[in-house]
Every structure is written in structure tokens, then in C-alpha cells.
1. Residue 65 is checked against (1) touching a Leu at 6+ places or on another chain (Cβ under 7 Å); (2) without any contact (Cβ under 8 Å) to a residue 60 or more places away in the chain; (3) among the β-branched types (Val, Ile, Thr) and fails just one. What number does that condition carry?
2. Residue check: is residue 327 buried (at least 18 other Cβ atoms within 10 Å of the Cβ) and out of contact with any strand residue (DSSP E or B) (no Cβ under 7 Å at 6 or more places or on another chain)?
3. Just to be sure, is residue 250 of a type in the set (S, T, N, Q), at pLDDT 80 or above and touching a helix residue (DSSP H, G or I) at 6+ places or on another chain (Cβ under 6 Å)?
4. When only residues in region 56-87 that are in contact with a helix residue (DSSP H, G or I) (Cβ under 7 Å, 6 or more places away or on another chain) and among the charged types (D, E, K, R) count, which is nearest to residue 344 (Cα to Cα)?
5. Do you know which residues across region 293-322 are at pLDDT 80 or above, more than 14 Å from residue 378 (Cβ to Cβ) and polar (S, T, N, Q)?
6. Give the residues of region 103-147 that are charged (D, E, K, R) and under 20 Å from residue 348 (Cα atoms), sorted by residue number.
Amino acid sequence: MIPAQVEVPERSLRGLPVMAAAIVAAIMPAFFLGSLSVEIRSELGYGESAAGLVFASFFAASAVVSSRMGRWVDSVGPRVGLSAALAGTCLIEMAIALGARTLAALVALSAIAGICNATAQLGANVYIARNLPLQRQGIGFAVKQSAMPGAALIAGLLLPSVALTLGWRWVFAIGSALGVAALIAVRLRVESELKPAGNRAHRMQQDSQRAPRGALVMLAVAAAFSTAAAITLGGFFVESTINSGVSPATAGYAFALGSLISILVRLLVGGYADRHSGNLLGVVAIMILLGSCTSLIFVFQTPAAHFIGLPLAFGAGWAWPGLFNLSVVRASPGFPGRATGITQTGVYVGGAVGPVLFGFTAEHWSYSAAWVLAAVLGVCAAGAVTLGRRLLVGSASKAGNAPEAVDRAHEVGT
């Protein structure tokens, strides 16, 4: 009997709902800041460009710590990483609800929330890679990434039901309470990390399966472009819809509908991924390209344009991250935290730069010009994903493996 096999626990899906709840709680501050931007700006007195800065600080801080946090979470395990992240998120949201009285304070609190988010994202990635059955990791990443539009869905529903009646600060207080519930669930339902001996043996089996850094960096570049394009939906779709002549309540419900569409598509794509092994970055490129082209519909600043473009924009342009992360983990199964820590850095850079560019363009030119910018960024992202995929396959070939080796990498060492 091989000792490593004794130490590795049985893989199951039982912790997946907890992962989804944890990601919803961790990412929710960003979507609150986006969907409640009009109300917050009205009270604190700043413009659209500053709103982009608040939103961007969340992702800028995530970018700074992502790679380092990936190594840390690989070391301490997902339970510790998620617990620390959720505890921090709860405190930050309560601080925003009670004490954010200036733009500077809001930017600082948003940045700290971004650090917590980066840690939670990586904790969930490591959990899925180590604890879910290989043939169910597609749906695992789909559920995990669906938690993000799930947070947007909650934000969209709370806009008309709470923010417009009790005030926007109550939304952050509710978010803090939801974070406490997620933290309790993690402590009760997520098992501690593998025993040290088992960890060493298990990781030694997978040590040779590490994606080349050059390919990961290129995929990080792709993630930066695609996130910069897609994040405009989360941060500015509501404002753009209101600008076209729709009431804030209707815009909030439209945002919630788009988020629901994104969740459904992510789950469908995750099921598809579980039936097709290996590198699926080609599908990711197609989805990003479709989403970027759909952004051009929003150039026509009318209510009809926003409602017509909503299904495909949210269904394609905002539904690719689960498949993207799955492909990265399949290429580097022994180091999911480190690998996704690198690529997630690109996600956060795009999340930081995108809102600033979009907000500046919208304020100084128009929302139509801003949506054109989002489309251009999406086209660049699709090209970079394609190049990153070629680098992965080329690296496998240079190492003396058949190109299919990249596609089978996720089946080895578990």
C-alpha cells in the first residue's frame, strides 16, 4: 500500500456549496461599490472618475498580493486561507457601513477588501483542485465562479429593496452579516489540510506538472484585458442603463437578470468541461470575443439596446472565468495556488485599470465611447488567450511530450 494514498482524503463535492458562499461573501463589497455607486457618490460627493478609482482600488490591491497569497494558500491550505479572508471581509464591510465618510476612507477600505478577496479566491481554487473529483472539477470551478455574478445578483436585488428605502449603508451591514454566516460554514464544513507527510508525498507526485511561467504570464495578460472589458458590466452596467433613460430600480433588476444568465451559462460550460479533458482555452477565447462584440450594442444609449445586449453580454463576456481557471489548474495540478495566483494577478490588474478607463471615458466623452473601448479590450484578450494556449502546447512539445500531454495533465498525480 502506498502511504500517500492513505493520507489523501476521499474527494467529494460536499464542500462546494460552502466555497460558493465564501466567494459570494468575499467579492460582494466590489459589486456593492459598483451597483450602489450613484447613491454613494450622491452622499460623499465625488464624480464618475472617482467612482472608478474606488472600484479599481479593490482590484489593484488584489493584484499586488495575488501571487504571494497563492504560495501562502498552497502552504497553509484552503481552510485557513478562507477563514482569514472572510473574517477580514466582515470587518471591512461593517467599517464601510459605519465609518466611510470620505472618498479617501472608502478607497482605503475597498483596497483592504480586495486583499481579502484575493485570498478567498485562491483558497477556493486550491480546495477545488485538491478535494473535488477530477471529472467534476469543471462544475466545481463553474459553481465557484458563478458565485461572483451571484454576488452581483444579490447586489442588484438589494439596490431597489434596501438601498433605495433604508439607505446604502444598510446594504454593507447586511453583507457583513452574510460574511459571518459564510465564515461559520467554512469553519464547520471545510476539513483541515492534509497531514504533513501526506502533503509532501502527494505534492512530490505532481511536482513535474507545473505550467511554464511564460505561458502563465501570457494568460495573465489575457486575463487583464478580458477582465478590463468584462468588469464594466459589473461596475457600470447599472449606471449606463440609467443614463439611457431607465429608472434605478429597473436597472437594478436588469443587472440581476444578467447575473442570473451568467450563472446559468457558467454551469452549462462547466458541465461541458467535465466531459472534455484538458486545455479548453480555445473555447474561452471564443466566449470573450462574443462578449466584446456584444458590448458594441450598448453603444446605442437606449433602453432597448441595453435589454437586447444583456443576455449575450452576460452569458458570454462574463461567463468565461470558470473555464479559464480550470484550464490553468489542469496545466499545473500540483501548484493550483501558485499557478492561479499568477493568472489572477492579471484578472485584478484588469479589474483595477478597466473601471478607471471606462469611468474616465464615460465622464469626459460618453458611455458609447466607453463601450467601444470595452469591445477593443475584449478583442485583445481573445488574441492573448490564443497565444497563451499555444505556449502551453509548445512547452509540452519541447519537453518531449505529445501536444496532448497538456490536455491530460489534470489526470496525473492525483
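The values are calculated or read from the model by the stated rules, or taken from the named source; none is laboratory data. Please read these numbers as outputs of a predicted model, since none were measured by experiment. All Cβ positions, glycine included, derive from the backbone under ideal geometry; neighbour counts span all protein chains shown.
1. Only one criterion is unmet by residue 65, namely (1).
2. On the way: buried (at least 18 other Cβ atoms within 10 Å of the Cβ): yes; out of contact with any strand residue (DSSP E or B) (no Cβ under 7 Å at 6 or more places or on another chain): yes.
It is true that residue 327 is buried (at least 18 other Cβ atoms within 10 Å of the Cβ) and out of contact with any strand residue (DSSP E or B) (no Cβ under 7 Å at 6 or more places or on another chain).
3. On the way: of a type in the set (S, T, N, Q): yes; at pLDDT 80 or above: yes; touching a helix residue (DSSP H, G or I) at 6+ places or on another chain (Cβ under 6 Å): no.
So residue 250 does not fit the description; no.
4. Out of the qualifying residues, it is 71.
5. 302 - this is the single residue of region 293-322 that is at pLDDT 80 or above, more than 14 Å from residue 378 (Cβ to Cβ) and polar (S, T, N, Q).
6. So in region 103-147, the residues charged (D, E, K, R) come out as 130, 136, 144.
Selection gives 144 alone.
Let's see how each residue does on (1) surrounded by 22 or more Cβ atoms within 10 Å (Cβ to Cβ); (2) under 18 Å from residue 226 (Cα atoms); (3) in contact with an Asp or Glu (Cβ under 9 Å, 6 or more places away or on another chain):
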| position | (1), (2), (3) |
| --- | --- |
| 278 | no, no, yes |
| 288 | yes, yes, no |
| 297 | no, yes, no |
| 320 | yes, yes, no |
| 345 | yes, yes, no |
| 348 | yes, yes, no |
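Rundown of residues vs (1) crowded, with 21+ Cβ neighbours inside 10 Å; (2) farther than 28 Å from residue 216 by Cα, yes/no style:
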residue: 61; (1), (2): yes, no
residue: 69; (1), (2): yes, no
residue: 84; (1), (2): no, no
residue: 92; (1), (2): yes, yes
residue: 103; (1), (2): no, yes
residue: 109; (1), (2): yes, yes
residue: 116; (1), (2): yes, no
